[in-house]
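Take a look at the following structure, please.
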Number of protein chains: 2
Amino acid sequence: MQCKTARPHPSRHGRLAKRRALGSESPWTEKRRQSTGSVASVKSRVTAQHVADKAGVSRSAVSRCFGDGLVSDDTRKRIEAAAEALGYRPNAIARSLTGRSTGLVALLLAEMENPHVDLVLKKLLLAIAEADKRALVIPETPRQDVTESTMHALDYQVDAIIVVGGTVSDRVVGQLRALDTPVFQFGRQLDGLGGVACDSHLGGLLGGQFLIRSGRRRIAYMTKASQTDSNQRRRAGLAAALDAAGLPLLEEHSEENSFEGGYNAATRLFARLERPDALFCFNDMFALGALQAAAAFRLRVPEDVAILGFDDIPMAAWPAFGLSSLRPNLDAQVARLMAMIAEVCDGAPPRRTVDLVVPELVIRRTAC
Amino acid sequence: MQCKTARPHPSRHGRLAKRRALGSESPWTEKRRQSTGSVASVKSRVTAQHVADKAGVSRSAVSRCFGDGLVSDDTRKRIEAAAEALGYRPNAIARSLTGRSTGLVALLLAEMENPHVDLVLKKLLLAIAEADKRALVIPETPRQDVTESTMHALDYQVDAIIVVGGTVSDRVVGQLRALDTPVFQFGRQLDGLGGVACDSHLGGLLGGQFLIRSGRRRIAYMTKASQTDSNQRRRAGLAAALDAAGLPLLEEHSEENSFEGGYNAATRLFARLERPDALFCFNDMFALGALQAAAAFRLRVPEDVAILGFDDIPMAAWPAFGLSSLRPNLDAQVARLMAMIAEVCDGAPPRRTVDLVVPELVIRRTAC
DNA sequence: CTGAAAGCGCTTACAG
DNA sequence: CTGAAAGCGCTTACAG
């Protein structure tokens, strides 16, 4: 699908000629007359020159008025009146060409399955809008991986790139590091790339200590089989807590990181001869699946088995579940990330380190 | 947060002078030397002129090679080799300035609470990427409503605007209609604005007929208090079915369109002297809350009360719920919408009508 | 098929 | 404080 604008190519007379042709006539009127019928009308085609003509000043003055603002009160007033009347807004695209920023921040979505990502995406979108920037959101598709997405983002001269979730290979990280455009990661801790993440190791540790304190002795870590970064860290944190208490680390894997995956993995765990008395799940969806499996086995939660999740997705708080979980403190993460982006926009070199945000243990019914 | 590029303003010699200065030297080398230290390096700054110099052709040739393609095999080969070596990609921003499209599609998110919207957003993002366009996603914030978001989208000369969800007033629709840029609505049926939507009236009718057929006689419609378009249509469809069967339409409202809202509204319904034997809920989240309320009242579902949702969100299929629902057939909606966008990109006038997609009744445990 | 030139809408030193 | 001019990186009639 190649998009071409419907309007005919503009005639070739120079700026001066055009100014004369326009006179003091409103560009709207002119546009209507030229209209080909299909693309109807108006607005966006008003340019700084139109405003300048109407206000009786130069294009430069109009530009300054909407830019650094070095204009006299009188001209400012005239320009603003003209702009208002014409409905003029500077063309962000053209503006960015002169060396200013585009005001665009690319969001590379490498993973979209987990509802946690939905929340992250929403918060980032809001934060970007609040920072008066626009989000260019590029999902990873079957045909386009992170590298490809990055290229697309670069084509639009974005001010910064945020990689959200997903498995980004070291090779790709190397490429990203070398870019002119600052790249940040959200929710991962890959070396050499700045960003923010929940302190997964600490989360694993806190969760483990809590389960131990509440009297659990046979604690199992449930996760999908893949070796993502945050997965390993959570596991390591839990292992450290168990190790300190002289307890073993049980484990069970599943292929998919989902409700069904959690259901299946927990089912296998519950079928073991020595059933675990606590499940520490890689994330909340997994935990909810496990919860469902416990019900199928007629196990009481938390009496027979405690279940602890990670992410504290909104559903965890639902009365139907009351899932205990570790809250990654998304708002703090988003705020830190936006601060980093503000820094590079102010000309600072991009950070190369990941800010870890401390997760909070949220205790509800499934583990207490 | 105003972004300024860190690099110093380029010196003022004209193109010819610059060409000479560059010679056949790679732009990369030059860039490294100029580097201020902060913004490190490389890539994106390679321009068509660099490629032209390296390939020994004109800028025009390079442009054609990446554009309509009217170049000889020989020059094409040389240009492609040079571009490859330099890592050149055309600057999409600059390219769009000449009258071509920006390749940008704006997604105006007027509502982000419902998980259904998450799914819509994901599907639209994927579809836009597949159509080889980029999504500019602009959420409605406390400070910026749809009108403001539209202005921002227009600043970037997007090819089309998609308004997703939310309450868009008639006044705003008027404004949107008048735009040069084609605007489409997703999931609503406001007059005068093209788009796609689930046939809510038909959904209400189908759901009502189904409940009646399964023997229900006291059927209540549960919804948030607001009078959104789709809400009214679903209600009207249900009312039509009930009317035809000579049954009354019970009703209960809630302020928020959420799990808690559904829980509260259902609680009030169950507390009535004459308890309804079926709940038709505005959406699945509402229905899940109602399901929870039924459990609290120790009502058997579906024996004592049938519960029917709308949207068929992924959770509806979870074994924990088994929620019967109406599936809006999102893929068909997205496909239709993208086809409309492709049309206007090919120069056709934007449609002014809404394509209705037939919802499908998905029967699970809560109503059967 | 190809290059020189003008133009897209804006900004920014420069010289008043 | 202000305007004329050059430039951002690209495309597109135009004239070879």
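Taking the residues in region B:78-87 that are more than 9 Å from DNA strand C (Cβ to nearest atom) and touching a helix residue (DSSP H, G or I) at 6+ places or on another chain (Cβ under 9 Å) as candidates, determine which candidate is nearest to the other protein chains (Cβ to nearest Cβ). Show your work before the answer.
Initial filter on region B:78-87 (more than 9 Å from DNA strand C (Cβ to nearest atom)): B:80-87.
Adding the requirement that they be touching a helix residue (DSSP H, G or I) at 6+ places or on another chain (Cβ under 9 Å) leaves B:80-83, B:85-87.
Working: B:80: 16, B:81: 19, B:82: 18, B:83: 13, B:85: 16, B:86: 14, B:87: 10 Å.
Applying the filter and picking the extreme gives B:87.
Enumerate the helices (runs of 4 or more DSSP H) found wholly within region B:248-355, keeping only those where 1 or more residues are of a type in the set (Ser, Thr, Tyr) and within 12 Å of chain A (Cβ to nearest Cβ). Before the answer, list the steps.
Working: elements: B:259-270, B:284-296, B:330-345.
Output list reads B:259-270.
Which one of the conditions (1) open to solvent by less than 10 Å² (accessible area, probe 1.4 Å); (2) facing chain A (nearest Cβ under 8 Å); (3) touching a Phe, Trp or Tyr at 6+ places or on another chain (Cβ under 9 Å) does residue B:134 fail to meet, given that it meets all the rest?
Among (1) open to solvent by less than 10 Å² (accessible area, probe 1.4 Å); (2) facing chain A (nearest Cβ under 8 Å); (3) touching a Phe, Trp or Tyr at 6+ places or on another chain (Cβ under 9 Å), the lone unmet condition for residue B:134 is (1).
Would you be able to tell me the number of residues in region A:91-113 that are within 16 Å of DNA strand D (Cβ to nearest atom), in contact (Cβ under 8 Å) with a residue 40 or more places away in the chain and more than 7 Å from every other protein chain (Cβ to nearest Cβ)?
Count: 1.
Criterion first (part of a helix (DSSP H, G or I), at pLDDT 70 or above, away from DNA strand D (no atom under 12 Å from the Cβ) and buried (at least 19 other Cβ atoms within 10 Å of the Cβ)) does residue B:116 satisfy it? Walk me through how you get there before you give the answer.
Numbers: part of a helix (DSSP H, G or I): yes; at pLDDT 70 or above: yes; away from DNA strand D (no atom under 12 Å from the Cβ): yes; buried (at least 19 other Cβ atoms within 10 Å of the Cβ): yes.
Yes; evaluated as a whole, the condition is true for this residue.
If we scan region A:303-322, do we find a residue that is farther than 21 Å from residue B:288 by Cβ and within 24 Å of the chain's Cα centre (by Cα)?
Yes, that holds for at least one residue.
Further question: Scanning for something more than 10 Å from DNA strand D (Cβ to nearest atom), at the interface with chain B (Cβ under 7 Å from one of its Cβ atoms) and of a type in the set (D, E, K, R), does region A:53-69 turn up at least one residue?
Checked region A:53-69: no residue is more than 10 Å from DNA strand D (Cβ to nearest atom), at the interface with chain B (Cβ under 7 Å from one of its Cβ atoms) and of a type in the set (D, E, K, R).
What is the one condition in (1) within 15 Å of DNA strand C (Cβ to nearest atom); (2) surrounded by fewer than 17 Cβ atoms within 10 Å (Cβ to Cβ); (3) at pLDDT 90 or above that residue B:55 does not satisfy?
Going through the list (1) within 15 Å of DNA strand C (Cβ to nearest atom); (2) surrounded by fewer than 17 Cβ atoms within 10 Å (Cβ to Cβ); (3) at pLDDT 90 or above, residue B:55 breaks only (2).
The values are calculated or read from the model by the stated rules, or taken from the named source; none is laboratory data. Everything numeric in this text was worked out from a predicted model, so none of it was measured. As a convention, Cβ positions derive from the backbone with ideal geometry for all residues, glycine included, and neighbour counts pool all protein chains shown. Side chains included, ligands, DNA and RNA excluded: accessible areas come from the protein's heavy atoms. Shrake-Rupley method; radii C 1.70, N 1.55, O 1.52, S 1.80 Å.
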